[in-house]
Amino acid sequence: MAFVPEQPLDPTDLAILRELQANARMTYSELGRRVALTPPAVAERVRRLEEAGVIVGYRVQLDLSKVGYPILAFVRMRAAGDLSCLELGEQTRSIPEILECHRVTGEDSYIAKVAVRSVEHLQELIDRLNSYSETITSIVLSSPVTARVVDSEGALAEEPAPAPRRGVRSA
């Protein structure tokens with residue numbers, strides 16, 4: 001039975017998605033208990049949600065400070081000089097400290113989430129970015145919301161667990 005992405009998700013699909021967002025490592029047996037389906041039925045629904053592109057991946061959430069990157073910052077970038085906005089976006093792909101980069105509207109071209117080892121490392125990164133863009137940088141002090149769960153009908157729900165301490169981020 002093929003999943004038709006144009007059809008709205010039913011309450012069981014939404015329950016599966018809510019549970020997987022809270023814990024993507026949950027077994028199909030446990031997931032089935034929580035949504036009142038057998039493990040094979042859950043596996044089939046998850047497979048269809050993946051094929052339809054509703055579920056696009058699974059990730060490990062790291063405490064970046066424990067792997068040597070205790071400083072998290074957001075860098076707003078604006079294309080400068082002869083570099084176009086699209087070229088700036090391409091440049092960001094080759095910078096390993098950039099965890100996420102989003103093209104945005106407004107005065108800036110992109111906002112990047114970066115992780116660095118030290119303030120000196122952040123300064124070095126900013127200097128590299130300033131060679132082809134104008135930047136404004138903000139260091140993260142704390143993160144009260146880090147992984148909100150999308151609930152039924154696309155509404156945002158409360159986080160599944162208390163917010164992790166500063167430095168815990170998706171990788």
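The values are calculated or read from the model by the stated rules, or taken from the named source; none is laboratory data. In this text, all values refer to a predicted model and were calculated from it rather than measured experimentally. Glycine also receives a Cβ, built like all others from the backbone with ideal geometry; neighbour counts cover every protein chain displayed. We work out accessible area using only protein heavy atoms, side chains counted, and drop any ligands, DNA or RNA first. Shrake-Rupley method; radii C 1.70, N 1.55, O 1.52, S 1.80 Å.
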TODO: Being open to solvent by 100 Å² or more (accessible area, probe 1.4 Å) and under 13 Å from Leu17 (Cβ atoms) is the filter here, so list the residues in the range 49-58 that pass it.
DONE: Val56, Tyr58
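Let's see how each residue does on (1) modelled with pLDDT of 95 or more; (2) out of contact with any helix residue (DSSP H, G or I) (no Cβ under 9 Å at 6 or more places or on another chain); (3) within 30 Å of Ala15 (Cβ to Cβ):
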| site | (1), (2), (3) |
| --- | --- |
| Glu97 | yes, no, no |
| Arg103 | yes, no, no |
| Val119 | yes, yes, no |
| Ile126 | yes, yes, no |
| Ser138 | yes, yes, no |
| Ala157 | no, no, yes |
Open item on the list: Consider the range 27-43. How many of its residues are open to solvent by 40 Å² or more (accessible area, probe 1.4 Å) and farther than 11 Å from Thr12 by Cβ?
Closed with: 8
Open item on the list: For the range 65-90: of the residues being small (Gly, Ala, Ser) and closer than 13 Å to Ile136 by Cβ, which is least open to solvent (accessible area, probe 1.4 Å)?
Closed with: Ala73
Task: Given (1) surrounded by 14 or more Cβ atoms within 10 Å (Cβ to Cβ); (2) of a type in the set (D, E, K, R); (3) at pLDDT below 95; (4) touching a strand residue (DSSP E or B) at 6+ places or on another chain (Cβ under 8 Å), index of the condition Arg148 fails - done: (1)
Open item on the list: Glu153 - would you say it is modelled with pLDDT under 55, open to solvent by 50 Å² or more (accessible area, probe 1.4 Å) and of a type in the set (D, E, K, R)?
Closed with: no
Task: Pick from the range 105-140, criterion free of Cβ contacts under 8 Å to residues at least 12 places away in the same chain and part of a loop (DSSP other than H, G, I, E, B), ranking: nearest to the chain's Cα centre (by Cα) - done: Thr105
Task: Total residues in the range 65-108, condition under 16 Å from Glu124 (Cα atoms) and among the hydroxyl-bearing types (Ser, Thr, Tyr) - done: 3
Open item on the list: Going by what's in this entry, would Leu14 be described as at pLDDT below 95, of a type in the set (A, V, I, L, M, F, W, C) and open to solvent by less than 30 Å² (accessible area, probe 1.4 Å)?
Closed with: yes
TODO: Return only the number of the condition from (1) at pLDDT below 95; (2) in contact with a Lys or Arg (Cβ under 9 Å, 6 or more places away or on another chain); (3) surrounded by 14 or more Cβ atoms within 10 Å (Cβ to Cβ); (4) under 30 Å from Asp127 (Cα atoms) that Gln61 does not satisfy.
DONE: (3)
Task: Qualifying positions in the range 100-113 - under 16 Å from Glu134 (Cα atoms) and of a type outside the set (Phe, Trp, Tyr) - done: Cys101, His102, Arg103, Val104, Thr105, Gly106, Glu107, Asp108, Ser109, Ile111, Ala112, Lys113
